[in-house]
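Participant: Right, I'll just put the structure down here and ask away after.
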Amino acid sequence: NEPEKDFAVRINKVVNDGFIHYWKSRGIDKYHLRVPVWENYLLYLASYVNPGRYRMYEFSNYRKNLERGVGLCSTHSIIVKGVLLENGIKAELLDVGGRHVVVRAEFDDSSAWILDPDFGVVVPHDTAAISANPELVREPFQNMASLYYPDAKDPYTTEIMVEIFGKRKHTYSVDNWFEHFSYPAIWILPFFLMMPFILILIRKRGKNRN
């Protein structure tokens, strides 16, 4: 019985509080940025066949990203989008100015808000209003300086957020057909390896009945 907007804001904060922004090569094994062989050996092999795409892999399935616990702004947003959709709230990913990914959530009253779980920010305006007046994001993103260590490299400032929200925004997608195919497919090889034992068992039972 929680209002849609309250739920969306709460989920945005939960993901911001509980999910780590991290995507560096030195953590590829520690944080399983390469899909481990025991998780999905096809995606693991793909990391060597096509390292550009699979060596550090962002899942299409939001639950898999959530299970891993680390990722980029897009990963945070994939999770929020997935939770909102499962709870009947329309949501899509938006690439903002080619530098940042957020969630556009549309509610039953026909309003839409921008959710940014990476920075824990909610902009209570739709994209058309923001494009017409990027200054609308200044107040929600006013505390950007407090999110970074003093020696952080290339921190996103309030000015940068205002700038990129004023640029072109387009739908962002991470839907990967191979990921969807691979999870059922990983059982094909074990099935064929088990077939000889299954056939032997069937034959033995047949002989015992005779």
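The values are calculated or read from the model by the stated rules, or taken from the named source; none is laboratory data. Computed from a prediction, not measured in an experiment: that's the story for all the values here. Positions of Cβ are backbone-derived with ideal geometry, glycine not excepted, and every protein chain shown enters the neighbour counts. Quick note on the areas: whole protein, heavy atoms, side chains included, nothing else; ligands and nucleic acids left out. Shrake-Rupley method; radii C 1.70, N 1.55, O 1.52, S 1.80 Å.
Participant: On the given criteria, is residue 169 open to solvent by 40 Å² or more (accessible area, probe 1.4 Å), of a type in the set (Lys, Arg), under 20 Å from the mean Cα position of the chain (by Cα) and more than 25 Å from residue 64 (Cβ to Cβ)?
Facilitator: Working: open to solvent by 40 Å² or more (accessible area, probe 1.4 Å): yes; of a type in the set (Lys, Arg): yes; under 20 Å from the mean Cα position of the chain (by Cα): yes; more than 25 Å from residue 64 (Cβ to Cβ): yes.
Yes; evaluated as a whole, the condition is true for this residue.
Participant: Residue 64 is checked against (1) within 23 Å of residue 181 (Cα to Cα); (2) modelled with pLDDT under 95 and fails just one. What number does that condition carry?
Facilitator: (2)
Participant: Could you grab me the full set of residues in region 89-135 that are without any contact (Cβ under 8 Å) to a residue 60 or more places away in the chain, of a type outside the set (Asp, Glu) and open to solvent by 40 Å² or more (accessible area, probe 1.4 Å)?
Facilitator: Within region 89-135, 90, 104, 110, 124, 125, 128, 129, 131, 132, 133 qualify.
Participant: Further, regarding this structure: Please give the number of the condition residue 103 fails out of (1) touching a Leu at 6+ places or on another chain (Cβ under 9 Å); (2) modelled with pLDDT of 95 or more; (3) farther than 23 Å from residue 65 by Cα.
Facilitator: Every listed condition holds for residue 103 apart from (3).
Participant: On the given criteria, is residue 189 surrounded by 11 or more Cβ atoms within 10 Å (Cβ to Cβ), part of a helix (DSSP H, G or I), free of Cβ contacts under 8 Å to residues at least 12 places away in the same chain and among the hydrophobic types (A, V, I, L, M, F, W, C)?
Facilitator: On the way: surrounded by 11 or more Cβ atoms within 10 Å (Cβ to Cβ): yes; part of a helix (DSSP H, G or I): yes; free of Cβ contacts under 8 Å to residues at least 12 places away in the same chain: yes; among the hydrophobic types (A, V, I, L, M, F, W, C): yes.
The answer is yes for residue 189.
Participant: Can you pull out the residues in region 136-166 that are open to solvent by less than 60 Å² (accessible area, probe 1.4 Å) and out of contact with any helix residue (DSSP H, G or I) (no Cβ under 9 Å at 6 or more places or on another chain)?
Facilitator: Passing the criteria: only 152.
Participant: Does region 136-173 hold any residues that are basic (Lys, Arg) and touching a residue at least 60 places away in the same chain (Cβ under 8 Å), and which are they?
Facilitator: Restricting attention to region 136-173, the residues satisfying the condition of being basic (Lys, Arg) are 138, 153, 167-169.
Within region 136-173, 167, 168, 169 qualify.
Participant: Could you say whether any residue in region 6-13 is more than 19 Å from the chain's Cα centre (by Cα) and not β-branched (Val, Ile, Thr)?
Facilitator: Pass one, region 6-13, residues more than 19 Å from the chain's Cα centre (by Cα): 6.
Of the ones still in play, those that are also not β-branched (Val, Ile, Thr) are 6.
Looking for residues that are more than 19 Å from the chain's Cα centre (by Cα) and not β-branched (Val, Ile, Thr), one finds at least one in region 6-13, hence yes.
Participant: Can you tell me how many residues in region 68-87 are in contact with an Asp or Glu (Cβ under 8 Å, 6 or more places away or on another chain) and either among the hydrophobic types (A, V, I, L, M, F, W, C) or closer than 21 Å to residue 126 by Cβ (or both)? Spell out how you get there, then give the answer.
Facilitator: Residues of region 68-87 in contact with an Asp or Glu (Cβ under 8 Å, 6 or more places away or on another chain): 71-78, 81.
So of that shortlist, the ones also either among the hydrophobic types (A, V, I, L, M, F, W, C) or closer than 21 Å to residue 126 by Cβ (or both) come out as 72-74, 76-78, 81.
Within region 68-87, residues that are in contact with an Asp or Glu (Cβ under 8 Å, 6 or more places away or on another chain) and either among the hydrophobic types (A, V, I, L, M, F, W, C) or closer than 21 Å to residue 126 by Cβ (or both) number 7.
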